[in-house]
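Chemist: If you scroll down you'll find the structure; I have some questions about it.
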Amino acid sequence: MVREDDFVKALGLTTLIPSESKHLSIEESNCNRPGLQLAGYWDFFGFERPQILGLVEMTYLSMLDDATRRERLSKFFSYDLPCIIICRDIPCFDEMLVLGAARKIPIYTTPQETTYFETDLIDFLNNYLAPRETRHGVLVDVYGAGLLITGNSGVGKSEAALELVKRGHRLVADDVVDIRRVSDELIGEAPELVRHFMEIRGVGIIDIATMYGVGAVIRQKPIDMEVHLELWQNGKEYDRLGLTDQYTQILGVKIPSILIPIHPGRNLAIVLEVAARNLRLKQMGYNAAEVLTKRHMRNIDPDHPE
């Protein structure tokens, strides 16, 4: 379901017939241009999608005689359409207004050209209807990589993010990260209420945008990797080579994951910067651990393949 107010405001629509429930029964991001249906072909009609009428559809309807147009529109409005949008501010036929009011089907107009509006509509619905979940953590943009920093409360997530901000990187969210899945990408942002604020134990709440400038924050960011912070546990074996990639799943999307042990004296901000740079190198096809392993193998066996 989509709130009508959000729909109209985001897409800049003019309402001809509003929704009685103030919600639109839209459950997928696809839309439909009913040219074939208005021409009389009703098989495979995607009536559950928003219906977009552009110059072609409206011109075709205007060329029909009154009786045929009423018959086609009556058939069209007999389906449970979530809404109809007329592009280019083309005047709506009186028959459509009457049928829309009778069937309680919302009708809107937009000045946009049909192709551009269709792109904007799909983009809006992709984001609006995206699966969502909330995670406890900190999201920062480090060298263009979105790092989701997780860990137990008090482990130092916010302090690490603050140091990264001081080093020129950008904060997305502190403590609470709202995550949505758009296609196969995870987008993270802060809830509106706490956006750009950070809690530092012993200091209190600080406003990163005011203290460090608007260049220190960013509204949203794709999540490229999870970094889990953990207090150093004596006797536990931690990965020292990085030959085996670890992953975690969020909303069904698999992203790289690393575990960083914390102990006094460790410069966590530099470690996170290195993790972001190393991620970028791996995405470009370079893995330092694999290169070092091959060098050792060639030192042992000169005939070892590259």
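The values are calculated or read from the model by the stated rules, or taken from the named source; none is laboratory data. Every value quoted in this text rests on a predicted model; they were computed, and no experiment measured them. Reconstructed Cβ throughout: ideal geometry from the backbone, glycine too, with neighbour counts over all protein chains shown. Side chains are part of the model used for accessible areas, which takes the heavy atoms of the whole protein and leaves out ligands, DNA and RNA. Shrake-Rupley method; radii C 1.70, N 1.55, O 1.52, S 1.80 Å.
Chemist: Might you check whether a residue that is in a strand (DSSP E or B) and aromatic (Phe, Trp, Tyr) occurs anywhere in segment 196-211?
Modeler: Yes.
Chemist: Going by the structure shown, is Leu268 within 32 Å of the chain's Cα centre (by Cα), more than 22 Å from Ile179 (Cα to Cα), open to solvent by 40 Å² or more (accessible area, probe 1.4 Å) and in contact (Cβ under 8 Å) with a residue 12 or more places away in the chain?
Modeler: It is false that Leu268 is within 32 Å of the chain's Cα centre (by Cα), more than 22 Å from Ile179 (Cα to Cα), open to solvent by 40 Å² or more (accessible area, probe 1.4 Å) and in contact (Cβ under 8 Å) with a residue 12 or more places away in the chain.
Chemist: Take the residues in segment 166-189 that are among the small types (Gly, Ala, Ser) and without any contact (Cβ under 8 Å) to a residue 40 or more places away in the chain; name whichever of them is nearest to Asn127 (Cα to Cα).
Modeler: Ala173
Chemist: While we're on this one: Would you be able to say whether some residue in segment 32-39 is assigned to a loop (DSSP other than H, G, I, E, B), free of Cβ contacts under 8 Å to residues at least 60 places away in the same chain, under 26 Å from Thr119 (Cβ atoms) and of a type outside the set (S, T, N, Q)?
Modeler: For segment 32-39, residues assigned to a loop (DSSP other than H, G, I, E, B), free of Cβ contacts under 8 Å to residues at least 60 places away in the same chain, under 26 Å from Thr119 (Cβ atoms) and of a type outside the set (S, T, N, Q): present.
Chemist: Go through the residues of segment 52-72 one by one and say whether even a single one is in a strand (DSSP E or B) and in contact with a strand residue (DSSP E or B) (Cβ under 7 Å, 6 or more places away or on another chain).
Modeler: Yes.
Chemist: Select from segment 242-265 the residues that are touching a Ser or Thr at 6+ places or on another chain (Cβ under 8 Å) and open to solvent by 70 Å² or more (accessible area, probe 1.4 Å) and list them in ascending order.
Modeler: Listed by number, the residues that qualify are Leu243, Gln246, Tyr247, Lys254.
Chemist: Another question, then. Scanning for something farther than 22 Å from Asp94 by Cβ, surrounded by 13 or more Cβ atoms within 10 Å (Cβ to Cβ) and of a type in the set (S, T, N, Q), does segment 35-43 turn up at least one residue?
Modeler: Scanning segment 35-43 turns up no residue that is farther than 22 Å from Asp94 by Cβ, surrounded by 13 or more Cβ atoms within 10 Å (Cβ to Cβ) and of a type in the set (S, T, N, Q).
Chemist: Looking only at segment 222-236, filter to residues that are assigned to a loop (DSSP other than H, G, I, E, B) and at pLDDT below 90; which one of those is most open to solvent (accessible area, probe 1.4 Å)?
Modeler: Asn234
Chemist: Now a separate question. Determine if segment 152-160 includes at least one residue that is assigned to a helix (DSSP H, G or I), more than 20 Å from Arg135 (Cβ to Cβ) and open to solvent by less than 30 Å² (accessible area, probe 1.4 Å).
Modeler: Checked segment 152-160: no residue is assigned to a helix (DSSP H, G or I), more than 20 Å from Arg135 (Cβ to Cβ) and open to solvent by less than 30 Å² (accessible area, probe 1.4 Å).
Chemist: Now a separate question. Evaluate the following for Glu133: is it among the acidic types (Asp, Glu) and loosely packed, with under 14 Cβ neighbours inside 10 Å?
Modeler: yes
Chemist: Still on this model: Of (1) surrounded by fewer than 16 Cβ atoms within 10 Å (Cβ to Cβ); (2) closer than 30 Å to Ile255 by Cα, Arg103 satisfies all except one. Which?
Modeler: (2)
Chemist: Quick one: Tyr79 ticks every box in (1) within 30 Å of Ala190 (Cβ to Cβ); (2) open to solvent by 40 Å² or more (accessible area, probe 1.4 Å); (3) part of a loop (DSSP other than H, G, I, E, B) except a single one, so which number is it?
Modeler: Unmet condition: (1).
Table: residues versus (1) closer than 28 Å to Leu259 by Cα; (2) open to solvent by 50 Å² or more (accessible area, probe 1.4 Å); (3) part of a loop (DSSP other than H, G, I, E, B); (4) in contact with a Pro (Cβ under 8 Å, 6 or more places away or on another chain).
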residue: Ile85; (1), (2), (3), (4): no, no, no, yes
residue: Asp89; (1), (2), (3), (4): no, yes, yes, yes
residue: Val98; (1), (2), (3), (4): no, yes, no, no
residue: Gln112; (1), (2), (3), (4): no, yes, yes, no
residue: Phe117; (1), (2), (3), (4): no, no, no, no
residue: Phe124; (1), (2), (3), (4): no, no, no, no
residue: Asp141; (1), (2), (3), (4): yes, no, no, no
residue: Leu147; (1), (2), (3), (4): yes, no, no, no
